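Data first, discussion second: the structure below is written as structure tokens.
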Amino acid sequence: MYKKKVVVGMSGGVDSSVAAYLLKEQGYDVIGVTMQIWQDDKDGKNSDAGCCGLSAVEDARRVADKLDIPYYVMNFKDEFKNKVIDYFIDEYMKGRTPNPCIVCNRYIKWENLLDKSLNIGCDYIATGHYARVSLLPNGRYALKVSKSALKDQTYALYKLTQKQLSRTLMPVGGYEKEQIRQIARQINLRTANKPDSQEICFVSDKNYAAFIEENTGIKPEEGSFVDASGKVLGKHRGISRYTIGQRKGLGIALGYPVFVKEIRADSNEVVLGTDFDVYSNSLTADSVNWMSIEGLKEGESLRAKAKIRYSHKGEYCTVKADIDGKISVSFDSPVRAVTPGQAVVFYDEEGYVIGGASILNSGTERKVKAV
Ligand SMILES: Nc1ncnc2c1ncn2[C@@H]1O[C@H](COP(=O)(O)OP(=O)(O)OP(=O)(O)O)[C@@H](O)[C@H]1O
């Protein structure tokens, strides 16, 4: 009998290890692949960095051996550099805060790995992401939030296309994280107790300004901290060191707490304000990817719950289609730190991803802050 073939992206962590195991149990012909996407090995100092360093490959290989599945390491470093690193640096230089995982998911994990997998005769690719793939009655594929209340990764996957989703399996999305660890322990996988991967896999110390300097040779340029009226409050150390809503590490004392309200790349200014000032009622976004619906016509609107960052609990809103493929979002209650460059992702009442977009700006008018 023909067994459907699936390539499982193995990062050397517990989730993808168990994903491979579950699919094998379900009767798939499973092939494990680790993508080498970034290794800062110019001087060898970081050869174990990120999700695809030497120990990650070793862990994935040993798990594949144990599960008795073929295993390969594939080199996607050029693709990753061109699509993810360049975008990451470019966004920071524009005063925006990028989300490289979203871009990596869409273009590296799916576009490159899926295409390669289909070319070698596979039917699907699978990952250890906490999300569920569903085919809806309207004929569209959509992601649904994971079963685990503790971990849901749909936010970082909103950019996947219909074709990509139709070829995707995410077997751990139907489990709690602890259940996945238990399965790993039961079958004695060496990855059972490995901690979750860090936020951005290619920058180990969260020092994005240093990363940009190392990779471009461009030093962060000092500029002015200003208030909303343009009054200079002090000196900042380069816009790539800041993000909206940030309080820590500003290096300025005004006698009251101040937060980053806006980053102006053109004038190299960082606008500071009070906590109240970083709340907004609305935002505009572009580069929309619709998932559970085909789309909105200009002027049409819909109700949704929106997440404006990975860790946001979500806020109800009305989404309206504007001209030029942009959308505007009005929140029922003000949200904190709308951040250009991050994604806004919309969910329906059942937890299906309606779609998402890249945030351009927060709105200016503000209602009274929610308490
Ligand atoms: N370098 C890689 N090669 C192949 N697949 C990868 C790689 N990095 C991530 N993935 C896939 O993407 C999924 C989500 O990656 P993420 O970095 O969020 O890891 P995670 O949630 O800690 O999962 P894991 O426990 O499997 O590392 C992984 O489960 C894996 O299937």
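Structure remark: mean-square fluctuation, Gaussian network model of the chain, C-alpha springs under 10 Å; the largest value among D90, D205, D286 belongs to D205. When Rg and the Kirkwood radius Rh are both evaluated on Cα atoms of the range 165-293, their ratio Rg/Rh stands at 1.13.
Rounded to the nearest 500, the 222 nm mean residue ellipticity of the chain from helices alone is -5500 deg cm²/dmol, with -39,500 (n - 2.57) taken per DSSP H run of at least 4 residues.
Structure remark: mean-square fluctuation, Gaussian network model of the chain, C-alpha springs under 10 Å; the largest value among P340, P257, P100 belongs to P257. For the range 73-130, the fraction of alpha-carbon pairs lying more than 14 Å apart is 60 percent, rounded to a whole number.
Label separation (Q182 vs S134): 2.4 nm, computed from points 7 Å beyond Cα along the C-beta direction. The lysines whose alpha-carbon is closer than 25 Å to the alpha-carbon of K235, local same-chain residues fewer than 8 away aside, are K94, K206, K219, K248, K261.
Between exposed GluC sites (Glu not before Pro) in the chain, where DSSP calls loop and at most 15 other Cβ atoms lie within 10 Å, what's the longest gap? The longest such stretch corresponds to 1-198.
For the range 220-274, the Kirkwood hydrodynamic radius from C-alpha pairs, put into Stokes-Einstein at 20 °C and a viscosity of 1.002 mPa s, yields a diffusion coefficient of 198 µm² per second. Could you run the Debye sum over the Cα atoms of the chain, one equal point scatterer each and no solvent, and tell me log10 of I(q)/I(0) at q = 0.07, 0.10, 0.12, 0.14 Å⁻¹, two decimals? Debye output, listed in q order: -0.34, -0.69, -0.97, -1.24.
What is the Å³ per residue value for the convex hull set by the Cα atoms of the range 278-362?
About 80 Å³ per residue, rounded to a whole number.
FYI, it's all coordinate maths here, none of it is from the lab. Since this is a predicted model, take the numbers as computed values, not measurements. Every residue, glycine among them, receives a Cβ derived from its backbone with ideal geometry; neighbour counts consider all protein chains shown.
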